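For reference, the structure is listed below as structure tokens.
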Amino acid sequence: MASELDPQGAEPKALFDAADFLNSRVLEVGSGDGRLTFRYAEESPFVVGIEPGAREVASAVDACPSHLKGHVRFLRASAVALPFRDGSFDIALLAWSL
């Protein structure tokens, strides 16, 4: 299950204030267990979360709510060598990756 570190919703509020997720393709670098991903994924038609660790990816896949599984994917990948073509995403998030 995804962790709950922001019960008041400050993180998604800050994200929604900074970017328009509606109809945007989103790449989340360092998606971890999907905790933040699931909070904004309702608005986006296509979301990919990447993590270098297999354990985190498996945790996010397992925690993904069934209604999001059609448009949210989690992959094991590195931000140093992204496995996507230029222009694949409208928004890139690095919320906890710096």
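Throughout, read-outs are computed from the coordinates displayed, never taken from laboratory work. Please read these numbers as outputs of a predicted model, since none were measured by experiment. Quick reminder, even Gly has a Cβ in these numbers, built from the backbone with ideal geometry, and neighbours come from all protein chains shown.
Brief remarks on what is shown
- Amide proton proximity set for LEU93, modelled H, under 5 Å, gap of 5+: LEU27, GLU28, VAL29
- Listed values for segment 80-90 are Karplus-derived 3J(HN,Hα) couplings in whole Hz (6.51 cos²θ - 1.76 cosθ + 1.60, θ = phi - 60°), namely 6, 9, 5, x, 10, 6, 4, x, 6, 10, 8, and x replaces Gly and Pro.
- q = 0.11 Å⁻¹: log10 I(q)/I(0) that the Debye formula gives for the chain, counting C-alpha atoms only: -0.28
- A simple rule links phi to the HN-Hα coupling: the Karplus curve 6.51 cos²θ - 1.76 cosθ + 1.60 with θ = phi - 60°, which for segment 50-66 gives 10, 8, x, x, 5, 4, 5, 4, 4, 5, 5, 4, 5, 7, 5, x, 4 Hz, with x for Gly and Pro.
- Approximate spin-label separation ALA10-HIS71, in nm, with each point projected 7 Å along Cα-to-Cβ: 2.9 nm
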